[in-house]
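Undergrad: Take this structure, written in C-alpha cells, and hold onto it; I'll ask about it next.
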C-alpha cells in the first residue's frame, strides 16, 4: 500500500513551531563562528603560537570566547534541535500515514540527507560537514522517540561517561608516550644500545615533539596557505578530501558518534518534556540559564586559564590538569542549555520579536544556509574563487562572519517573501516524497514544510 497524495506531503507553514526556527537560526549563525577559523585559515594555525598570535589581545579574546567558552555549544544546540525535530517529524508522519509509511519516509529523508552530506564534503569541499554523521546517527532515533525520561537520562549519562573515559584513555596514552620516549632518550644519552621497541618509542616521541613546534607548524601552515589559496579545484579537492574521509570514518566511529547521539537524545528529552518548545515557566528557564552558564562558562574559563598558564604547551597543560579525564561534555552541556534558556526567555518576553525575526527566517532555511556557508567559503577562501585563505588572523574573522551572516539573513527574509521554503529544503522534500512540490507561495497560504 502506498501513501496517498493528500497525506504524504509536507505540513503547512502555520504548523511550524516558531521557537524551533529561532533556535535553529541562532545555531546556524553560531556554527559559522566555530567553522570559519578552519574554513579561512590553515589547520596548523590553530595553535596561537603560530604567527605569534598569542601576543595580540584580540586574538587571545577570540581564542577565549570561541575555543573555550562557545566550543561545542552551537553544535550541541544544532544537534539537540535535530533530535527534537526527528520526534516532531515522526509524530506528524504517524498522524497522516498508516503502518510503516512514517518510518519509510523518515529513513528516505535521512538517506537523502546523507547524500547531501557527501556533496557538502566532496563537492563543496567542507571537510567539517556534519550532515553525513547526522544521517547515520539519526537512523538510531526511531526506537527512542517515545522513550521514558529516565531511559533517555540514563543513556545521556552513559554517553557522557563514555566520552569522559575516551578522554582519559587519550590523556594516558600521551603521558605514556612521553614517559617511554624520555626513558629511551635517557638510555641513548648514556650510550646504551636501544631495543627495537625502545627505538620506536624514541622515534615516536621525537616525531610528536617536532610536529608540535611552532616553527614547524608554521611551515605546514604556509604550505597549506599556498596550496589552498592558489590551487585549482582538483588540487584543493585532493587536499581537503583526505580530511573529509578521516572525519567520516575513524573520527566518526571513534569520538563523534558519542558526541552527536547524546545531544540527539537530549533534544528528544527536552522536546517530550516541553522544555525546548518554551512550555515551562519563566522561573524554570532563569534557573536553567544560571545553572547551565554557571557550569559551562566556569569550566570553559578554567580550561582557558590552564592552557595560558602552560603557554599553550600540551604536556604543560596535562601536567597542570588535576583530573584523570576531561570535563568537555559537561562544559558544552552547560553552555548549550544556557543558550537554550536565554533564547526561550527572549522569545517568551515578546518584546524581542523584532530581534528574533531574522533568526527565525534563517532557521526556516537552516539546511540551505548551512550548505551556502560551505559554498561561500569555497568561493571566498580557496583558489577556486578569491583565494583569501590564510590572509586573516583570528580577530579579523569577526567581520567576515558578520558579513556572511548579515547577507544570509537578508537573503532568507527576501527569499521567504516569495517562496514557501528554502531551495535546498525544497529539493530535499521533493526527493523524500519523490514528487514535485510547489515552491512559490500560494497567496497567503504557505506550503512550507516542517524544518529538518
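Undergrad: Hey, can you tell me all the residues within the stretch 171-182 that are farther than 17 Å from residue 320 by Cα and surrounded by 14 or more Cβ atoms within 10 Å (Cβ to Cβ)?
TA: Passing the criteria: 177, 180, 181.
Undergrad: When the stretch 375-407 is examined, which residues are found to be over 19 Å from residue 66 (Cβ atoms) and surrounded by 23 or more Cβ atoms within 10 Å (Cβ to Cβ)?
TA: 382
Undergrad: Could you tell me whether residue 156 is within 30 Å of residue 372 (Cα to Cα), assigned to a helix (DSSP H, G or I) and over 17 Å from the mean Cα position of the chain (by Cα)? Give the steps one after another, and end with the answer.
TA: Details: within 30 Å of residue 372 (Cα to Cα): no; assigned to a helix (DSSP H, G or I): yes; over 17 Å from the mean Cα position of the chain (by Cα): yes.
No; evaluated as a whole, the condition is false for this residue.
Yes or no, residue by residue, for (1) in contact (Cβ under 8 Å) with a residue 40 or more places away in the chain; (2) out of contact with any strand residue (DSSP E or B) (no Cβ under 9 Å at 6 or more places or on another chain); (3) part of a helix (DSSP H, G or I):
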{"residue": "105", "(1), (2), (3)": "yes, yes, yes"}
{"residue": "108", "(1), (2), (3)": "yes, yes, yes"}
{"residue": "113", "(1), (2), (3)": "yes, yes, yes"}
{"residue": "118", "(1), (2), (3)": "no, yes, yes"}
{"residue": "121", "(1), (2), (3)": "yes, yes, yes"}
{"residue": "124", "(1), (2), (3)": "yes, yes, no"}
{"residue": "129", "(1), (2), (3)": "yes, yes, no"}
{"residue": "132", "(1), (2), (3)": "yes, yes, yes"}
{"residue": "140", "(1), (2), (3)": "yes, yes, yes"}
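Undergrad: Turning to a different aspect of this structure: Filter the stretch 210-236 down to residues that are more than 20 Å from residue 54 (Cα to Cα), surrounded by fewer than 17 Cβ atoms within 10 Å (Cβ to Cβ) and touching a residue at least 24 places away in the same chain (Cβ under 8 Å), then give me how many there are.
TA: Residues that pass the stated criteria total 4.
Undergrad: Quick check on residue 97: is it more than 30 Å from residue 314 (Cβ to Cβ) and within 19 Å of the chain's Cα centre (by Cα)? First the steps, then the outcome.
TA: Details: more than 30 Å from residue 314 (Cβ to Cβ): yes; within 19 Å of the chain's Cα centre (by Cα): no.
For residue 97, the condition - more than 30 Å from residue 314 (Cβ to Cβ) and within 19 Å of the chain's Cα centre (by Cα) - is not met.
Undergrad: Ok, one more. Could you check how many residues of the stretch 287-322 are over 15 Å from residue 73 (Cβ atoms) and either under 21 Å from the mean Cα position of the chain (by Cα) or outside any helix (DSSP H, G or I) (or both)?
TA: Residues in the stretch 287-322 being over 15 Å from residue 73 (Cβ atoms) and either under 21 Å from the mean Cα position of the chain (by Cα) or outside any helix (DSSP H, G or I) (or both): 6 in total.
Undergrad: Is there a residue in the stretch 255-274 that is out of contact with any helix residue (DSSP H, G or I) (no Cβ under 8 Å at 6 or more places or on another chain), part of a helix (DSSP H, G or I) and surrounded by fewer than 15 Cβ atoms within 10 Å (Cβ to Cβ)?
TA: no
Undergrad: So, one more: Considering the stretch 212-228 alone, what residues qualify as being in contact with a helix residue (DSSP H, G or I) (Cβ under 8 Å, 6 or more places away or on another chain) and in a helix (DSSP H, G or I)?
TA: Result: 214, 216, 217, 218, 220, 221, 224, 227, 228.
Here, each number is a calculation from the coordinates, and none is a lab measurement. Not measured: the values here are computed from a predicted model. Don't worry about glycine lacking a Cβ; one is built from the backbone with ideal geometry, like all the others, and counts go over all protein chains shown.
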